[in-house]
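Here is the structure we will look at.
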Amino acid sequence: PPYRCPLFSHPTWPSQPAAPPSSCLLSFSSSSSVSTSISFSNPPRNPRTMTDLKLPTGVLTGDDTRKLFIHARENGYAIPAFNCTSSSTVNCVLEAARDSKSPIIIQVSNSGAWFFAGKGIKNDGQQGSILGAIAAATHVRTMAKFYGVPVVMHSDHCAKKLLPWFDGMLKADEEYFAQYGVPLFSSHMLDLSEEKDEENIATCVKYFEKMAKMGIFLEMEIGQTGGEEDGVKHEGSIDSLFTSPEQIWKVHEALSAISPNFSIAAAFGNFHGVYKAPDGGNRVKLQPELLGKHQAFIKEQLKKKGVEFKGEKPTFLVMHGGSGSEKSEIMTAVKNGVVKMNVDTDTQWAYWNGVHQYYHKHSDRLYKQIGGKDNEDGLPNKKKYDPRQWIRAAEKSMSARVVEALKDLGAIGKFAPVEDIKDSKPISPYVRVISKSS
């Protein structure tokens, strides 16, 4: 139903009955057709400042995830995806999204998920990474609604050798789906770019058929992104850093036969992290204009099959290895259909730099519990070495870098946050756990 408030009006809104003057109602429906209403004792901010992005808060699934990417594609922005390794890094991403009025993507890599679980847990059979990914997703599901923003909860690169990790996360999705009617995660990524295209696509199809039944989005990679990510390393020629239009079409054709909820990470000269190029140069020049040619090729192939796509960007594209890229290159990629860009290296540095700056500011009180570095003044230093102090400094620094990425990709101000609170009490349950019990 449309937003309605008796205190504000707009000539383009449909006429509707007035609500009581003391209340405002904001209603939305999820893909599972469950309707939610949030009542405010005071009117919200002026609706003229709100965008037309109507999504529930918290973790998105099914058609809501695709709806977000469609909105990004049609409005010329992309959503940054941040690799998180702890509840601390998750929280500062959520904080930045709320303060920036932005949708957000939180993701865990295989090694990052293991760290989330605690390196004290062995990773035999990928159990540490499976548990860590579940812990991260559960934490995001617990907190995201209370930050009041829509979140895509995603798992990052999964190579062939890491498929037991993927299988474990899908099992968790199935258990969660059986209990709540939605999967635990919004989306997962398969990175079989090291394999032959035929095997890559066939494996994606096999998994996507399972995922589509639960409304899980799939991201896949074809072509080779330079650098290294979770053991997937490219050391070949520069020519192999560019995906061809024919490769993109094969993926689109195979996956679109199952569900429209997928995206493709295509290589256009990009690198994971900050590396020297294979030829010894400082960097490979990105060619994001190639992505536009990929889109045109897909549209042409669809037309040959009698499918008329309205618009110029028929498939969702993802940019990996954006660290150190020129802003103009990034925005050209967005213009050509990139709706998601991974950010990891830069936020790792920002988190560390927050600690680094804190240490330099307070170094005199960080050598011992009582007294300064070179004196015995008897003053306690607990408020300086308390982890809550220097970790918070790291969070603030990383949050600032998250905001910068949101700004670079044009995602700021695309969603008006709605905290999931009514009469000082949460609307959502405090705890939603994976359980088969009633």
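The values are calculated or read from the model by the stated rules, or taken from the named source; none is laboratory data. Quantities reported herein were computed from a predicted structural model and do not represent experimental measurements. Here Cβ is always computed from backbone atoms with ideal geometry, including for glycine, and neighbour counts include all displayed protein chains. The accessibility values were calculated without ligands, DNA or RNA, using every heavy atom of the protein model including side chains. Shrake-Rupley method; radii C 1.70, N 1.55, O 1.52, S 1.80 Å.
In this structure, residue 48 does not satisfy being at pLDDT 95 or above, open to solvent by 10 Å² or more (accessible area, probe 1.4 Å) and part of a helix (DSSP H, G or I).
You will find that of 340, 327, 313, the residue that is of a type outside the set (A, V, I, L, M, F, W, C), open to solvent by 40 Å² or more (accessible area, probe 1.4 Å) and within 21 Å of residue 187 (Cβ to Cβ) is 313 and no other. Going through (1) modelled with pLDDT of 95 or more; (2) open to solvent by less than 10 Å² (accessible area, probe 1.4 Å) one by one, residue 125 falls short only on (2).
Could you say whether any residue in segment 393-416 is open to solvent by less than 70 Å² (accessible area, probe 1.4 Å), modelled with pLDDT of 95 or more and farther than 21 Å from residue 103 by Cα? The answer is yes; a qualifying residue exists.
Residues that are over 25 Å from residue 337 (Cα atoms) number at least 2 in the following helices (runs of 4 or more DSSP H) confined to segment 56-166: 87-100, 110-117, 127-147.
In segment 350-372, the count of residues that are at pLDDT 95 or above, open to solvent by less than 20 Å² (accessible area, probe 1.4 Å) and touching a Gly at 6+ places or on another chain (Cβ under 8 Å) is one or more.
Evaluation of residue 207 against the conditions (1) buried (at least 19 other Cβ atoms within 10 Å of the Cβ); (2) of a type outside the set (A, V, I, L, M); (3) at pLDDT 95 or above; (4) under 24 Å from residue 292 (Cβ atoms) shows that the sole unmet condition is (4). Per the conditions (1) of a type in the set (Asp, Glu); (2) closer than 16 Å to residue 81 by Cβ; (3) at pLDDT 95 or above, the sole criterion not satisfied by residue 346 is (3).
Per-residue answers, yes or no, for (1) at pLDDT below 95; (2) assigned to a loop (DSSP other than H, G, I, E, B); (3) touching a Lys or Arg at 6+ places or on another chain (Cβ under 8 Å); (4) among the hydroxyl-bearing types (Ser, Thr, Tyr):
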site	(1), (2), (3), (4)
249	no, no, no, no
254	no, no, no, no
260	no, yes, yes, no
278	yes, yes, no, no
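Restricting attention to segment 76-115, the residues being out of contact with any Asp or Glu (no Cβ under 9 Å at 6 or more places or on another chain) and open to solvent by 20 Å² or more (accessible area, probe 1.4 Å) number 8.
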